[in-house]
1. Return yes when Val32 is under 19 Å from Pro85 (Cα atoms) and among the aliphatic types (A, V, I, L, M) and no when it is not.
2. Just checking, how many residues over segment 50-75 are assigned to a strand (DSSP E or B) and farther than 15 Å from His38 by Cα?
3. Tell me yes or no: at least one residue of segment 14-27 is surrounded by fewer than 20 Cβ atoms within 10 Å (Cβ to Cβ), assigned to a strand (DSSP E or B) and among the hydroxyl-bearing types (Ser, Thr, Tyr).
4. Among the candidates Pro79, Pro54, single out the residue that is open to solvent by 80 Å² or more (accessible area, probe 1.4 Å) and either in contact with a Lys or Arg (Cβ under 8 Å, 6 or more places away or on another chain) or touching a residue at least 60 places away in the same chain (Cβ under 8 Å) (or both).
5. Answer yes or no as to whether Cys63 is touching a residue at least 40 places away in the same chain (Cβ under 8 Å) and open to solvent by less than 50 Å² (accessible area, probe 1.4 Å).
6. Determine, yes or no, whether Cys63 is out of contact with any Leu (no Cβ under 9 Å at 6 or more places or on another chain) and at pLDDT 95 or above.
7. I'm checking my understanding of the structure. Among residues of segment 30-49 that are closer than 19 Å to Glu88 by Cα and hydrophobic (A, V, I, L, M, F, W, C), which one is most open to solvent (accessible area, probe 1.4 Å)?
8. In segment 28-46, which residues are assigned to a strand (DSSP E or B) and of a type in the set (A, V, I, L, M, F, W, C)?
Amino acid sequence: MSSAPSVTSVSECSVHNCSFNHDGCTAVAITVSGSEEHASCATFIDTSVSGGLPKMLAHVGACQRSECSHNNDLLCTAPAVKVGPGAEAADCLTYTHA
């Protein structure tokens, strides 16, 4: 019987205009996507509506950046990720090209 993989937490989000960021990321899980050489938070939503749960520490649900050194079978293996402005409004700042 194999153990379940650990889940990577979103330790910090500095994207102030995201509907899921109020006192930390309140999405249940984020998806990391992007394009060549950078990774973005596909869960980013810029609206006036406050989303998510009241007190939630988000996790990385899926990572589409298979070339990231932290990616194993489309799951993030980093101890934690930071999301913030980068090439796009909300990038995974923990992304490291393998």
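The values are calculated or read from the model by the stated rules, or taken from the named source; none is laboratory data. Computed from a predicted model, the values in this text were never measured in an experiment. Glycine also receives a Cβ, built like all others from the backbone with ideal geometry; neighbour counts cover every protein chain displayed. These area figures cover heavy atoms from the full protein model, side chains too; ligands, DNA and RNA do not enter into them. Shrake-Rupley method; radii C 1.70, N 1.55, O 1.52, S 1.80 Å.
1. Here the answer is yes, as Val32 does meet what is asked.
2. Residues flagged as assigned to a strand (DSSP E or B) and farther than 15 Å from His38 by Cα within segment 50-75 amount to 6.
3. no
4. It is Pro79.
5. Numbers: touching a residue at least 40 places away in the same chain (Cβ under 8 Å): no; open to solvent by less than 50 Å² (accessible area, probe 1.4 Å): yes.
Answer is no for this residue.
6. So Cys63 does not fit the description; no.
7. Filtering first and then ranking leaves Ile45.
8. Start the filter on segment 28-46 by keeping residues that are assigned to a strand (DSSP E or B), which leaves 29-35, 38-41.
Scanning segment 28-46 gives Ala29, Ile30, Val32, Ala39, Cys41.
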